[in-house]
């Protein structure tokens, strides 16, 4: 064999080996970092998903993968980030878990600042000049410092590639800024004509061209994703994205028809073309659960399972119970401690009330659009711009949906949801902790779920409020923590162990209300879970509560 030919063969072999080695190295590095990335959809494919009820098989496979495969990054752990594991005289070392429905991430800078701690949040307030009084700033900074101690943060309503949130990958940006691992599960692929920038607004008087211009999107940046996420200083393992089989509302078929049957009679002002299009949201996908394990020798049993969900709002309380039952069946066999959290939409209604102004902002994302166009007034509905969409009942269970259902006399459609949770038993006999104990709750509460969720003088401290409310009407407790400690068998008995049991559940309202129009329509909540059996000493408890 000629020398030149032999040399060429050796070069080719070496080149092939280099390619193989490079592939194996990159694959191993990717696995070590814990990344899994389903393929994103192109803009043209997203348009197809709107136009074709039954998409072509290759596109359907991509959509199915996207709705069943979580995005996971453990890059923070790879860089050496460790859990804080804060300590207190009362609890000793503990895990703080936070939950927040961030309303798409419309106020991204404020969300990032709030999660980053007092220094970051104070700097954000000063930079944007969005703060209220100095006392409000001080309270908000204190709560931001508190929130920054959370080693696990669950977020609902997280955008990726939506114009309304500046095409951000909200969760990846937050994870990078805060040096956290993350898991992200796609709940909906947004294919509404307004979101896609295809809406022509036929029938809307005065300003069709301006509307079309203001809603135009960049096809290269548009990804159309909306979902739930888990941020963590612990490495995330065994991450699963599980769509719920039972939905209660079809966000594609029903919304494409513009008004779903359950919404008829609730959209009185939807005779106006613009408003009808604003309330409509055509989406692919549905409600789901995102599940991940955190692993550490100091955790009870060495492992804790985080379960994040966002239950349907445009359905009945009975249908939400069905979603809950399905979720519980899926996690029943978990033997480790469990933290279940999310926006459960426990209003006792079949839609969450809001304000017209906020709905426009949520859909279009542009604050200047509302200010400069004044669309509500242009359509002759300025007088009702803060009308409540959906029913708001003057009933006792508005801030406490756990109260007993008494037919006719004192009905509570949401009561069955909490009875289901309280009666549920895991395969190992474990139960969710419903205890309320004066020494272990912020408000010295002995009422149901007082340890895990902050209670007020009447009911719970609410987490969601409409913009225009009458006294306490229009306030709701929608966001929850439900915790399965390792040794709890009866959710009512208070003399059982408190290792990893919920303590001092809080609602961080001053933080959420520290900027104009609020950071989100939901306030964040936290709960502390001791990694050792705590010794409650009353004076120390008092100090902890005031601190």
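Readers should treat all values here as calculations from the given coordinates under stated rules, not as data from a laboratory. Please read these numbers as outputs of a predicted model, since none were measured by experiment. All Cβ positions, even for glycine, are placed from backbone atoms using ideal geometry, and neighbour counts span all protein chains on display.
The label-point distance for residue 487 and residue 536, in a model that sets each label 7 Å from Cα toward Cβ, rounds to 1.5 nm. Let a ≥ b ≥ c be the square roots of the eigenvalues of the Cα gyration tensor of the stretch 113-199; is it rounded (a/c under 1.5), or, if not, prolate (a/b larger than b/c) or oblate? Note, shape of the stretch 113-199 comes out oblate. Can you figure out the FRET efficiency of residue 245 with residue 425, using R₀ = 22 Å and their beta-carbon distance, to the nearest 0.05? For R0 = 22 Å, the calculated efficiency reads 0.50. A Förster distance of 25 Å, applied to the separation of the beta-carbon atoms of residue 57 and residue 253, puts the FRET efficiency at 0.80.
Here the spin labels are modelled as points 7 Å beyond Cα on the Cα-Cβ line, and at residue 295 and residue 221 they lie 4.0 nm apart. For the listed peptides 299-305, 51-57, a ranking on the average number of other beta carbons within 10 Å per residue, highest first, reads 299-305, 51-57.
Derived value for the stretch 92-242: Kirkwood hydrodynamic radius 17.2 Å. Basis is the mean of 1/r over every pair of different alpha-carbon atoms. Separation of the stretch 491-507 and the stretch 278-339, taken as the distance between their Cα centroids, equals 21 angstrom. Shown for 64, 402: other C-beta atoms within 10 Å of each C-beta, ranked fewest to most, produce the order 64, 402. For the stretch 295-341, what class follows from the C-alpha gyration tensor (a ≥ b ≥ c being the square roots of its eigenvalues): rounded when a/c is under 1.5, otherwise prolate if a/b is larger than b/c, else oblate? Prolate is the answer for the stretch 295-341, as a/c is 1.5 or above and a/b outweighs b/c.
By other beta-carbon atoms within 10 Å, ranking 280, 425 with the fewest at the front produces 425, 280.
Of the peptides 318-327, 433-442, the order by per-residue mean of other Cβ atoms within 10 Å, starting with the highest, comes out as 433-442, 318-327. Site pair residue 303 and residue 494 shows an inter-label distance of 3.4 nm when each label is modelled 7 Å from Cα along Cα→Cβ.
The ranking of 41, 180 from fewest to most other beta carbons within 10 Å of each one's beta carbon is 41, 180.
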